[in-house]
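What follows is a single structure, written as structure tokens, with notes after it.
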Amino acid sequence: MRKMSFILITIAAVMLILTAMSCKKTTEPNVDLPAGMVLVKGGTFTMGNARNANEFDPPHTVTLNSFYIGKYEVTQAEFSKYMQPGEPWNEMLGLGDNYPAYNVSWFAALKYCNLRSIAEGLTPCYTIAGSTNPADWGEVPDHLDESNSQSWDAATCNWKANGYRLPTEAEWEYAARGRTNNPDYLFSGSNDSDAVGWFVDNGEGIHPVGQKAANSIGTYDMSGNLSEWCWDRYSDTYYSTSPQNNPTGPTEGYVRVERGGNWHYISEMCHVYSRGMNIPDISAPILGFRVCRTK
């Protein structure tokens, strides 16, 4: 009888431990998920405009590895922790910690990514002039002074590093689509532009991040508000003939890709497949970015 009681007590203890372990697994946060980011699981999708194929954004198949991407565009609070914008932010366009950082050039976005990576003990992704330390890069090139733009334009990316970086054009569209072409939404998370974004149609100026609905993976403002820099150089030819697996853009050309459209555009210019471009040393009140990290 004592033996049977001991067995029953032992079984009950084991069950209690297993129950506690199960509860811990379901309540503990994912410690591998970087703060303020979402995991975008790898997969295959159709990139481009499958609704009305044309030479600028033809549909083609792309397969990507998993990566992390920011829930929101980088905010003014986040950006000003390490840098200042090319031109000061102002109340007329949008000023405050939760407003997205605008007036940020492509070059400045690279510097921000490495500064933040170093500050957080991560391996920086970008190398300029043989160094990953922005202190060695010189001043951020400006469209009025391009004396050191050549070295910045030759920046390279370590895709295996765990630091912050800009998304590739393919990663950006994959995340904006919520990893799927079904449903094939026009905007990031909806066919209703007003539900998910800020455009010239529905609001003046820039708005704080996250005020509209998120898409299915939990990212906000990927249609409208600010156009977002991507890593890639712009090329119509490369876009349609790029490698299927993890394309990172062409190796030639000066202008860089921007995606998502912005508050100054009509909504029809802000579809998930719509492509924009700009020179990397320009900072403007329609340009911002969101960060990405390799998983």
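Across region 116-138, the qualifying residues are those that are within 16 Å of VAL74 (Cβ to Cβ) and hydroxyl-bearing (Ser, Thr, Tyr), and the one among them that is surrounded by the most Cβ atoms within 10 Å (Cβ to Cβ) is TYR126. Within region 260-271, does at least one residue satisfy the condition of being surrounded by 15 or more Cβ atoms within 10 Å (Cβ to Cβ), of a type in the set (Asp, Glu) and more than 25 Å from PHE67 (Cα to Cα)? Checking region 260-271: not a single residue is surrounded by 15 or more Cβ atoms within 10 Å (Cβ to Cβ), of a type in the set (Asp, Glu) and more than 25 Å from PHE67 (Cα to Cα).
For region 55-93, filtering for residues that are among the hydrophobic types (A, V, I, L, M, F, W, C), part of a strand (DSSP E or B) and over 17 Å from GLU169 (Cα atoms) leaves 0.
Let's see how each residue does on (1) of a type in the set (Gly, Ala, Ser); (2) more than 21 Å from the chain's Cα centre (by Cα):
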{"site": "PRO85", "(1), (2)": "no, no"}
{"site": "LEU93", "(1), (2)": "no, yes"}
{"site": "PRO100", "(1), (2)": "no, no"}
{"site": "GLY121", "(1), (2)": "yes, no"}
{"site": "CYS125", "(1), (2)": "no, no"}
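Scanning region 259-295 for residues that are part of a loop (DSSP other than H, G, I, E, B), closer than 20 Å to GLY178 by Cβ and of a type in the set (S, T, N, Q) returns a single hit, SER274. When region 232-258 is filtered for residues that are assigned to a loop (DSSP other than H, G, I, E, B) and among the small types (Gly, Ala, Ser), the ones remaining, listed by number, are SER235, SER242, GLY249, GLY253. The set of residues in region 167-195 that are surrounded by fewer than 24 Cβ atoms within 10 Å (Cβ to Cβ) and not hydroxyl-bearing (Ser, Thr, Tyr) comprises GLY178, ARG179, ASN181, ASN182, PRO183, ASP184, LEU186, ASN191, ASP192, ASP194, ALA195. Restricting attention to region 80-108, the residues that are over 20 Å from TRP263 (Cα atoms) and either buried (at least 23 other Cβ atoms within 10 Å of the Cβ) or of a type in the set (Asp, Glu) (or both) add up to 2. Name the residue, out of PRO280, PRO208, that is over 16 Å from ASP57 (Cα atoms), in contact (Cβ under 8 Å) with a residue 60 or more places away in the chain and out of contact with any strand residue (DSSP E or B) (no Cβ under 7 Å at 6 or more places or on another chain). Selected residue: PRO208, the only one of PRO280, PRO208 that is over 16 Å from ASP57 (Cα atoms), in contact (Cβ under 8 Å) with a residue 60 or more places away in the chain and out of contact with any strand residue (DSSP E or B) (no Cβ under 7 Å at 6 or more places or on another chain). GLU228 meets each of the listed conditions (1) surrounded by fewer than 20 Cβ atoms within 10 Å (Cβ to Cβ); (2) under 18 Å from the mean Cα position of the chain (by Cα) apart from (1). Starting from residues that are part of a loop (DSSP other than H, G, I, E, B) and either small (Gly, Ala, Ser) or touching an Asp or Glu at 6+ places or on another chain (Cβ under 8 Å) (or both), keep the ones in region 185-206 and report whichever is modelled with the lowest pLDDT. Top of the filtered list is GLY203. Taking region 94-142 as the range and being in a helix (DSSP H, G or I), aliphatic (A, V, I, L, M) and in contact with a Phe, Trp or Tyr (Cβ under 6 Å, 6 or more places away or on another chain) as the test, the residues that pass are ALA109, LEU110, LEU115. Can you confirm whether ARG275 is touching a Phe, Trp or Tyr at 6+ places or on another chain (Cβ under 6 Å) and within 26 Å of SER149 (Cβ to Cβ)? Against the criterion (touching a Phe, Trp or Tyr at 6+ places or on another chain (Cβ under 6 Å) and within 26 Å of SER149 (Cβ to Cβ)), ARG275 does not qualify. Checked against the criterion of being part of a loop (DSSP other than H, G, I, E, B), out of contact with any Lys or Arg (no Cβ under 8 Å at 6 or more places or on another chain) and touching a residue at least 24 places away in the same chain (Cβ under 8 Å), the candidates SER216, SER223 yield just one match: SER223. Within 30 Å of PRO58 (Cα to Cα), touching a strand residue (DSSP E or B) at 6+ places or on another chain (Cβ under 7 Å), of a type outside the set (Phe, Trp, Tyr) and in a helix (DSSP H, G or I), is that true of ALA170? For ALA170, the condition - within 30 Å of PRO58 (Cα to Cα), touching a strand residue (DSSP E or B) at 6+ places or on another chain (Cβ under 7 Å), of a type outside the set (Phe, Trp, Tyr) and in a helix (DSSP H, G or I) - is met. For region 144-164, residues that are in contact (Cβ under 8 Å) with a residue 40 or more places away in the chain and surrounded by 14 or more Cβ atoms within 10 Å (Cβ to Cβ) total 10. Close contacts from region 80-105, counting a first residue that is closer than 16 Å to PRO141 by Cβ and a second that is in a helix (DSSP H, G or I), with Cβ to Cβ under 6 Å and a gap of 6+ residues or different chains, come to MET83/TYR112. Among the numbered conditions (1) over 15 Å from THR168 (Cβ atoms); (2) crowded, with 21+ Cβ neighbours inside 10 Å; (3) of a type in the set (Asp, Glu), the only one that GLU252 does not meet is (2).
The values are calculated or read from the model by the stated rules, or taken from the named source; none is laboratory data. Nothing here was measured: the structure is a model prediction, and the numbers come from that model. Counting neighbours? That spans all protein chains shown, and the Cβs are built from the backbone with ideal geometry, glycine included.
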